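My questions all concern the structure below.
The values are calculated or read from the model by the stated rules, or taken from the named source; none is laboratory data. The shown structure was predicted, so the numbers you read here are calculated from the model rather than taken from an experiment. In this analysis, Cβ positions are derived from the backbone assuming ideal geometry, glycine residues included, and neighbour counts consider all displayed protein chains. Ligands, DNA and RNA are stripped out before the accessible areas are found, and what is left, the full protein with its side chains, is counted by its heavy atoms. Shrake-Rupley method; radii C 1.70, N 1.55, O 1.52, S 1.80 Å.
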Amino acid sequence: MTEHRIPRPNQRRDSGERSQGGGRRRRALRWKPAKYDPSFRGPIRNRSCTDIICCLLFFLFILGYIAVGILAWVYGDPKQVLYPRNSTGAYCGIGENKEKPYLLYFNIFSCVLNTNIIAIAQNGLSCPTPQVCVSSCPEVSWTVQQSQLSQTVEQVFYAANRKFCLPGVPGNMQVLQSLQQELCPSFLLPSTPGSLPPALGRCFPWTNSTVPELPGISNTSISQSISGLLNSLNARDISVKIFEDFARSWYWILAALGVALVLSLLFILLLRLVAGPLVFVLIIGVLGVLAYGIYHCWEEYRMLRDEGASISQLGFTTNFSAYRNVQETWLAALIILAVLEGILLLMLIFLRQRICIAIALLKEASRAVGYIMSTMFYPLVTFALLLVCIAYWAIIALFLATSGQPQYVFWAPNSNLSGCEKVSMNTSCNPMEQVNSSCPGLMCVFQGYRSTGLAQRSLFNLQIYAVLGLFWTINWVLALGQCVLAGAFASFYWAFHKPRDIPTFPLGSAFLRTLRYHTGSLAFGALILTLVQIARVILEYIDHKLRGAQNPLTRCILCCFKCCLWCLEKFIKFLNRNAYIMIAIYGKNFCVSAKNAFMLLMRNIIRVVVLDKVTDLLLFFGKLLVVGGVGVLSFFFFTGRILGLGKNFENPQLNYYWLPIMVSILGAYLIASGFFGVFGMCVDTLFLCFLEDLERNDGSADRPYYMSKSLLKILGKKNKGTPGDKKRKK
């Protein structure tokens, strides 16, 4: 359906004016209101697909995204992150080592005493010592005695159930020979207290174990090494306690989230009754806070003035805290707060009608949500789609990061021994072939993954493609939610007799209509936002890399660019949001909808600012109420400060009582954000419909207003008829 524009009565031109320059005429037409259309009854049904080229581009990109996922799945090997590897590169816990899920280090101190812990973690916890997969970790301290060196491996290890030697070590080999060739461990440390599983799938020793006397290493060094290793890599004890706390309190956390859901829903529904008093209380509260700030600044200024503390005595200094002790600082703050107080008072006086319109729209939004309750649960659909997008990207990133063929090299514990001179260390080898060499302890060990190959050479580009896919799909899902909600709430506004004229399934109809006709428009808007966000990420990366370079000019330029991109992103989000509303109503492409929405808002800029700030203030108060209420309630419950609840409602015994409190607060914030996000979209949609209603209609029998009676009363207008009266008279 084509939307026509006519000038307002006071903007019409005579024939002489129309004959003047076409450029000035086109500039004037951009600001003209919408023309009355007798057939318009809300979101039009007869529409066509929009932004088809961008829709095809989006589908092609998704196909490429799927191809990247397949390529990552073919070449990737995430098992290296999920399972530990032994010296030969075999995984522990799967395949031939299915019954041996844990990794044992022969000499854990070789990678603790002389190696950076962070480097160990980044290299997959690999250490320059033989590693073997075992079915269980050692439970007691043990070291090879001098008398056992002449015995066989069968007598010292196998017969005593110490199955910690490398696979294939013959039982008749002397222990001394096995130790020289690094085929068996020379000592064992307890790694499994009780029945708890080893940390990170590896047998790490514990600090409370009895450490045996080891040659060349003091007990102090051993204890410090174990403590440092566990503090850096092993969070098992904390993770177990956290798991226990979740197991004991998960149903109470769900109860807290249920309270947050009820509070959010009640706050939105009660806005129909208390929106006016609540908004004025918040405005008066802001004025009161500013008034107290003025009083405090005056008291500080008067005291410092009497003491004679002036900025002329202080001079210029980089210690900004020193400026608190001079009178000019408080005088400047006093002037700024007084100006803000005066501006707010003037706005409250001269914009009181527009504030009343904002309050009426808030009430109308609460009414719309009450009639279309299904919209309050649509954020669950958005959350599920976002979860799919994030999970798919995370899987692709994991597979791409672990792509590559394993590489094995020769390694010996001491390459300076006799017989190792002719061996080229760190050269490629085959772990399946037997190593025959006079070098003691020479082994073919796993080193890492090759960076050669098609997937490996294009790894960086594939990761960039995946990141672009993450941003684009997330923004598209958010755009889908905004457009669907806008279509549902627009059908509410343009129903003259509410709720009789509201469609049966407004949310479902809007969802299907948006997917069928406007996937390309949503992809267009999401792509624009994605490019800006990618630019911001690149700037953040550059800033992180240049943080060490103390160049004030470069830092200033980067800061300016980051600020500009942040403002651009905010503006694009604002423009996209209103463009999606116009798309949901009129079914036009993204550019036309964005232009129409922007011009409509610019023609009513003061109303836009007032409504935006009033809505932001109200929703901020609502979030504060929900999150603060749930947080306080959770704190008093989980700390046992609520007495007399009975045995069935006692607080659980927890290791960290703050954990369920923080989870409850975070969940309450997400729930409140979801509910209030729907409410905010409802307010924005009704506001645009209200502005269109004012421009399309005049309250006559032929062109009645669709707005509520409260809005008509505030504007001093009334309807003389209903839609279709003229047709019935004929």
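What do you reckon, is R45 surrounded by fewer than 16 Cβ atoms within 10 Å (Cβ to Cβ), closer than 30 Å to T685 by Cβ, of a type in the set (K, R) and modelled with pLDDT of 65 or more?
yes
Select from region 288-323 the residues that are of a type in the set (A, V, I, L, M) and at pLDDT 65 or above and list them in ascending order. So that I can check it myself, show each step before the final result.
If we filter region 288-323 for residues that are of a type in the set (A, V, I, L, M), which is where we start, we get 289-291, 294, 303-304, 309, 311, 314, 322.
Selection gives V289, L290, A291, I294, M303, L304.
Condition first: in contact (Cβ under 8 Å) with a residue 40 or more places away in the chain and either closer than 30 Å to T519 by Cβ or in contact with a His (Cβ under 8 Å, 6 or more places away or on another chain) (or both). Can you find one or more residues in region 554-571 that meet it?
Here is the first cut: in region 554-571, the residues in contact (Cβ under 8 Å) with a residue 40 or more places away in the chain are 569.
When the remaining residues are screened for being either closer than 30 Å to T519 by Cβ or in contact with a His (Cβ under 8 Å, 6 or more places away or on another chain) (or both), the result is 569.
So far as region 554-571 goes, yes, one or more of its residues are in contact (Cβ under 8 Å) with a residue 40 or more places away in the chain and either closer than 30 Å to T519 by Cβ or in contact with a His (Cβ under 8 Å, 6 or more places away or on another chain) (or both).
Now a separate question. Do the conditions hold for I464, that is, is it part of a helix (DSSP H, G or I), of a type in the set (A, V, I, L, M) and surrounded by fewer than 16 Cβ atoms within 10 Å (Cβ to Cβ)?
Answer is yes for this residue.
Any residue in region 346-364 that is open to solvent by 50 Å² or more (accessible area, probe 1.4 Å) sitting within a Cβ distance under 7 Å of a residue that is at pLDDT 80 or above and of a type outside the set (A, V, I, L, M)? List the pairs, counting only those 6 or more apart or interchain.
That search, which allows pairs on different chains as well, returns R354/R607.
Is at least one residue of region 400-417 in a helix (DSSP H, G or I) and open to solvent by 50 Å² or more (accessible area, probe 1.4 Å)?
Yes - at least one qualifying residue is present in region 400-417.
Can you give me the number of residues within region 270-279 that are at pLDDT below 80 and either open to solvent by 60 Å² or more (accessible area, probe 1.4 Å) or touching a Cys at 6+ places or on another chain (Cβ under 9 Å) (or both)?
So the answer is 5.
Here's a follow-up. Answer with yes or no whether A90 is of a type outside the set (F, W, Y), at pLDDT below 85, at negative phi and open to solvent by less than 90 Å² (accessible area, probe 1.4 Å).
Yes; evaluated as a whole, the condition is true for this residue.
Does F675 qualify as being open to solvent by less than 50 Å² (accessible area, probe 1.4 Å), in contact with a Pro (Cβ under 6 Å, 6 or more places away or on another chain) and either farther than 30 Å from R367 by Cβ or at pLDDT 80 or above (or both)?
No, not satisfied.
Across region 476-510, what is the number of residues that are polar (S, T, N, Q) and surrounded by fewer than 23 Cβ atoms within 10 Å (Cβ to Cβ)?
Count: 2.
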